[in-house]
Each structure stands twice: as C-alpha cells, then as structure tokens.
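Enquirer: Here it is: the structure, laid out below.
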Amino acid sequence: MGRKAIGTLLLLATLSVFGVVITQLLWLQQARRTHKDQLALNREQALQLEKQFNDRVVIALTDVTEQILSITKDPSDLYDAVKQERPNYFAVTINDTLHPYLLEALLRKEFSRRNILEDFEYGIYDCFTDSVVYGNYVSLDTAGTDTVPHTKLQKLDKDGHYFGVYFPKRQSSLWEETAASSWTWIFPAVVTLIVFSFFAYSVWVILRQKRLSEMKNDFIGNMTHELKTPISTIALSSEVISDPGIIREPERLKAYADIIRTENERLRVQVERVLQLSTLDKGELELTHEPVHMHAVIREVGDHFLLPLQERHAVLQLDLDAPQEMVTGDRVHLTNALTNLVDNALKYGPDGGTITIRTFNTEGLLNVAVSDRGIGIAREDVKHIFERFYRVHTGNRHDVKGFGLGLHYVRQITTAHGGRVEVQSEPGQGSTFTLSLPIGKNTQRK
C-alpha cells in the first residue's frame, strides 16, 4: 500500500471517527435535554401524588384524633395536632395515653376509608414512663398483621403524650434516583471509547506495517546489491582465469583465484546471516551449552579483523580486565554476535580511528563493551536499532553496506543466553554497545 493510499485511508478514518464522536455528543446533548424535561415532569407528578397522599394521611389522623377525644369524652380542642416529622413519619399530639389496640382499630378504619393502602407501623409515647410503647406492624393488603421484622419507632423531641405512624415502604420522591438515566450517558460513552480505541489501534497497526514494509524493501534492495557485487566479481574473475594464456602468468592467476575465494566467502557470510535470521524468526535456534572463555573469543574476533583494520588504518584495543570471563553458551553464536558489533564499529567509525573492546564484571555478569568514535546514533534511532531490517540513515555515508540484520541478531542471541544488550551513543561522539552475559560456573581467568 502506497503512501498516498495510506494517507487517504487515515484521513477518511479520522473524519469517520470525528463524525461518530460529534454525532454521539449531539445525541447525548439532546438526550440530556429530553431526559431533564421528562425528569422534571415526572418529579412534578410524583410530588403531586406525594402531596395528595400526605394530605389524606393528615385528614385520616385528624379524624382518628377527633374520635379518640369523643371516646375519652375529652372536651379539649387539639388544633393542629397532626405533624409530619419526616416524609414517611407522622406524629399526633394527644392529652393522655391510650390502648394500642384501640388506636390500631381506628387507624385501620380511617386509612381504609381514605384509600390509604400502605403498610404502616404505629407506636404510643407515654410521658409518664418516658418511653414509646410499640404497637404493631399493619399490612392493609392482608387479613392480619405482617410477620416482617419491625423497626422500633424512635422518640421525637415533643412534650406530652403523642402517637406516631410510620410508613416503612414509602420513600420521598425528592431523593429518588433513576438508574436508567446513568445508562443514558454510560453506554454511548463506552461505545465511543471502543470506537476511538479501535481507530487508534488500527492507525498504529497501519503505520507499523508501513514501516516494516519500507524496511523490507530496503532490505531486499540492500541484499540484491550485496549479492550482485560479489557475483559480478566472481564472474569477471572466472572469465579471466578461463583464458589459456593465464597459465603463463602464475602470479596473476593466483590473484584472481584469491579474489574468487574472497568474494565467495563474502557471499557465504551474507547468506549465513539471512539463514540465521530465518532460524531465529521460526524459533528453531538450537544453542549448545558449553563453557566459553570470552577473552579467547574476543582475541579470535580481533584476529579476524586484522586485514580490514589495516585497510582502514584503524586500531583495535583490547582491555580484557574482567576477572571472571567464562560464560555458558554457544561459542559460534557468541562469536558471530561479537563479530557483528566490531563490524559495525569499523563500518561507522572514521579511518584511522580506534575501536575498544573492554570486559568487566558486575553482579554476576560478564560485560563486553565495544566502543567506537564514529558518527554515533541519534536519540530517535536508538530505540529502533535492534529491530529487524532497521538501518540508521547515514547521511552522506553511502559506502556503508548492510541488511539491517546484525544488531537484531545480536539482541536475539544475547537474549537466548539469558543476557541483554545495551547501547550508549551521542551523534558525532561514537557509540558503545555492551553485552551482559551470566557468568558460568567455572570462573577461571584465561
């Protein structure tokens, strides 16, 4: 997929997501307005119904009070004797105490006559004993009393005798919360969040795949160039040595034979790197576990680079100071990993520069640090250099060849040995790559 197609796709996807978000916001705003109006209407209706119920209860209790005065032949006029203490609790002032059964009979009669079909509890306060005499829990929906556990009526801050009526199943509409209203907001918000998360993840995958595709294309181009050059050199040298007259020039014949052998080795190394990568990606890497003296491996790698160092007039300095230098692992792969680091230091370092390999121990680890004084690595590239196919742009350094596989291989091998690889670099100052490997059982210095 080309850049133009990806850009168009991202633009359309972005517009779609913003369209969904704006639509959700407009819908939520409209829903909120509608819900607010409906809630206000329902609240008003509920308040009216509650007021009607309270008025009926006050009238019924007033009638009960008048009947009590008539039965007790009390000439007193208990004006405004009924008080609503709480939304579901009413208190009635009386001149004297009375029997609970009498009060219950009067309450049942008046509540039934006023169509008050709510369960209630009642109790009588006796100021002589300063206590509430609990009456009963009454259910008007059944023939008798309810067997549900009751809550004792609390005393009120009132002087004299009174009785209280409590409606336990009735709540004030002022404190009611509609659960459905919360879902009106939560569900659209969750859907919008899921859509936005999916969009962000899709963009991340597309950009990642685009970057991988570009790196693979670079890898194919570099690999083609790297393989084409030695093949062309071998073909040209083969044509030269196929001339019968070359036999009379043994030095020239030997030179072209060396060229063929060198280029063949170069081809073998490049193909081996690709095969190593394939093996790592498939998870088929099999490591041997044997004692490896890393100082000996480092000296062997140094000997391998004698000729390339001479061609670049560079110096390889070895500071092998680690007292414990033996690890357990695969000697071949560890040698290849270290070779890749030295090869990178040589490619990206200046002519006549110095490459340093230093060893030291920290907390059960052998650290092998390969330092150069080359072009360094920018901060934004450091986090990507161990990725497969990734290559740092080298500006005007067009002579630097590679597939972008070396450092990826180094990290994979180091991780497979239970270690880690770290890099410290400053542009223009050089780079230091440090391999940290667990120390083996035998720590004899070599």
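Enquirer: How many residues does region 41-94 hold that are within 60 Å of the chain's Cα centre (by Cα) and part of a helix (DSSP H, G or I)? I'd like the intermediate steps shown before the answer.
Expert: Our first condition is that a residue be within 60 Å of the chain's Cα centre (by Cα); within region 41-94, this holds for 41-57, 83-91.
Those still in the list that are part of a helix (DSSP H, G or I) too: 41-57.
Number of matching residues: 17.
Enquirer: Considering only residues that are among the polar types (S, T, N, Q) and more than 22 Å from Ser431 (Cα to Cα), which ones fall in region 286-345?
Expert: So the first thing to find is which residues in region 286-345 are among the polar types (S, T, N, Q), and the list is 288, 310, 317, 324, 328, 335-336, 339-340, 344.
Correct list: Thr288, Gln324, Thr328.
Enquirer: Looking at region 296-307, is at least one residue over 30 Å from Asn361 (Cα atoms), modelled with pLDDT under 85 and surrounded by 13 or more Cβ atoms within 10 Å (Cβ to Cβ)?
Expert: Step one: list which residues in region 296-307 are over 30 Å from Asn361 (Cα atoms), which gives 307.
Keeping just the survivors that are modelled with pLDDT under 85 gives 307.
From what's left, surrounded by 13 or more Cβ atoms within 10 Å (Cβ to Cβ): none.
No, region 296-307 has no match at all.
Enquirer: From the set of residues in region 412-427 that are among the small types (Gly, Ala, Ser) and modelled with pLDDT under 90, which is farthest from Gly329 (Cα to Cα)? Explain how you work it out, then say what you get.
Expert: The first filter runs over region 412-427 and keeps only residues among the small types (Gly, Ala, Ser), leaving 416, 418-419, 425.
Of the ones still in play, those that are also modelled with pLDDT under 90 are 416, 425.
Numbers: Ala416: 9, Ser425: 28 Å.
Among residues in region 412-427 that are among the small types (Gly, Ala, Ser) and modelled with pLDDT under 90, the one farthest from Gly329 (Cα to Cα) is Ser425.
Enquirer: Still on this structure: What number of residues within region 242-262 are of a type in the set (Val, Ile, Thr) and either at pLDDT 85 or above or under 58 Å from the mean Cα position of the chain (by Cα) (or both)?
Expert: So in region 242-262, the residues of a type in the set (Val, Ile, Thr) come out as 246-247, 259-260, 262.
From what is left, the residues that are either at pLDDT 85 or above or under 58 Å from the mean Cα position of the chain (by Cα) (or both) are 259-260, 262.
Selection size over region 242-262: 3.
Enquirer: If you go through region 66-96 one residue at a time, how many are touching a Ser or Thr at 6+ places or on another chain (Cβ under 9 Å) and more than 18 Å from Phe167 (Cβ to Cβ)?
Expert: Step one: filter region 66-96 for residues touching a Ser or Thr at 6+ places or on another chain (Cβ under 9 Å), giving 69, 78, 80-83, 86-88, 92-96.
Keeping just the survivors that are more than 18 Å from Phe167 (Cβ to Cβ) gives 69, 78, 80-81, 93-96.
Selection size over region 66-96: 8.
Enquirer: Assigned to a helix (DSSP H, G or I) and in the same structural domain as Ala416 (by TED's automatic domain parsing) - does that describe any residue in region 318-326?
Expert: The initial filter retains those residues of region 318-326 that are assigned to a helix (DSSP H, G or I), namely none.
No, region 318-326 contains no residue that is assigned to a helix (DSSP H, G or I) and in the same structural domain as Ala416 (by TED's automatic domain parsing).
Enquirer: Residues Gly2, Gly19: which one is at pLDDT below 70 and of a type in the set (Gly, Ala, Ser)? Walk me through how you get there before you give the answer.
Expert: Values: Gly19 fails: at pLDDT below 70.
After applying the criteria, what remains is Gly2.
Enquirer: Restricting to region 357-375, name every residue that is assigned to a loop (DSSP other than H, G, I, E, B) and buried (at least 20 other Cβ atoms within 10 Å of the Cβ). Even if it seems obvious, please write down each step before you answer.
Expert: Quick first cut of region 357-375, residues assigned to a loop (DSSP other than H, G, I, E, B) only: 363-364, 372-375.
Across region 357-375, the qualifying residues are Asp372, Gly374, Ile375.
Enquirer: Is it true that some residue in region 389-406 is modelled with pLDDT of 80 or more and of a type outside the set (Val, Ile, Thr)?
Expert: Of the residues in region 389-406, the ones modelled with pLDDT of 80 or more are none.
Scanning region 389-406 turns up no residue that is modelled with pLDDT of 80 or more and of a type outside the set (Val, Ile, Thr).
Enquirer: Are any residues in region 115-139 farther than 23 Å from Asp77 by Cα and either not assigned by TED's automatic domain parsing to the domain that holds Val82 or not in a strand (DSSP E or B) (or both), and if so, which ones?
Expert: We begin by selecting, within region 115-139, every residue farther than 23 Å from Asp77 by Cα; these are 115-121, 129-139.
Answer for region 115-139, where residues must be farther than 23 Å from Asp77 by Cα and either not assigned by TED's automatic domain parsing to the domain that holds Val82 or not in a strand (DSSP E or B) (or both): Asn115, Ile116, Leu117, Glu118, Asp119, Thr129, Asp130, Ser139.
The values are calculated or read from the model by the stated rules, or taken from the named source; none is laboratory data. This is a predicted model, so every value here is computed, not measured. So basically every Cβ, Gly included, is an ideal-geometry build from the backbone, and we count neighbours across all protein chains shown.
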